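> Next up is a structure, given as structure tokens.
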Amino acid sequence: MRGFKGGMFGGGFRTGRKFDAADLQLIILALLAEQPRHGYELIKILEERSGGFYVPSPGVIYPALTYLEETALAEVEVSGTKKLYRITEAGQKRVDENRALIEVTLAKLGHIGEKMAHVRRMFGSEDENGEGNDDSAFERDAGEVRAARQLLRSALRMKHPWTKAEGTRIAAILEQAAADILRPRSDPAD
């Protein structure tokens with residue numbers, strides 16, 4: 001199994017594909033080892049475990065499942081238009097041989113999921129009408145703070161995707177803003 005620099009196994013995040021084909025196939029096998037699954041279930045599980053950070057498309061999942069079937073690492077049970085995938089003995093052996101790597105990767109996905117949940121709590125969630133849909137303290141902020149948060153969120157959405165240099169610039173701005181917010185006020189009467 002090979003990882004890639006800057007990707008999931010390399011420890012960083014990247015904006016495009018999160019796994020190379022071999023890494024994704026191994027994670028799929030690990031999920032099939034838990035129980036047989038349909039392709040869309042695998043997509044949902046990866047989305048849930050990563051807090052929405054990683055949502056593989058059907059165009060990524062189904063070719064991986066086809067490859068696993070063709071290499072006898074998984075087998076498929078067809079029922080109408082649905083396919084239920086099961087791990088084979090050879091697939092289980094592959095999972096067993098790579099257990100440590102799988103556990104680290106799934107732990108990273110879980111950690112990313114926790115970070116995504118934290119970000120959602122910090123910035124609050126909105127439905128399509130711009131209304132808050134959670135009851136965090138941040139959703140009950142004073143009007144000015146809420147409006148500023150919405151402006152920031154909008155600016156980030158409009159600017160994305162950004163270059164590495166632009167991402168560094170944006171991060172510096174946000175870090176400075178956080179530092180300014182945490183700095184004690186000079187006039188306690190404010």
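Quick grid of which residues meet (1) of a type in the set (D, E, K, R); (2) modelled with pLDDT of 80 or more; (3) on the phi < 0 side of the Ramachandran plot:
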site: 134; (1), (2), (3): yes, no, yes
site: 143; (1), (2), (3): no, no, yes
site: 157; (1), (2), (3): yes, no, yes
site: 161; (1), (2), (3): no, yes, yes
site: 166; (1), (2), (3): yes, yes, yes
site: 174; (1), (2), (3): no, yes, yes
site: 181; (1), (2), (3): no, yes, yes
site: 186; (1), (2), (3): no, no, yes
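> So, in the range 44-62, how many residues would count as being in contact (Cβ under 8 Å) with a residue 40 or more places away in the chain and either open to solvent by less than 40 Å² (accessible area, probe 1.4 Å) or over 11 Å from the mean Cα position of the chain (by Cα) (or both)?
6
> While we're on this one: Just one of the numbered conditions (1) touching a helix residue (DSSP H, G or I) at 6+ places or on another chain (Cβ under 6 Å); (2) modelled with pLDDT under 80; (3) of a type in the set (Ser, Thr, Tyr) is not true of residue 85; which one?
(2)
> Please go through the range 77-109 and pick out each residue that is without any contact (Cβ under 8 Å) to a residue 40 or more places away in the chain and buried (at least 16 other Cβ atoms within 10 Å of the Cβ).
88
The values are calculated or read from the model by the stated rules, or taken from the named source; none is laboratory data. Just so it is clear, the model here is predicted, and its values are computed rather than measured. A quick note on method: Cβ atoms are made from the backbone with ideal geometry, for glycine too, and the neighbour counts reach across all protein chains shown. Remember, those area values only see protein heavy atoms, side chains included, never the ligands or the DNA or RNA. Shrake-Rupley method; radii C 1.70, N 1.55, O 1.52, S 1.80 Å.
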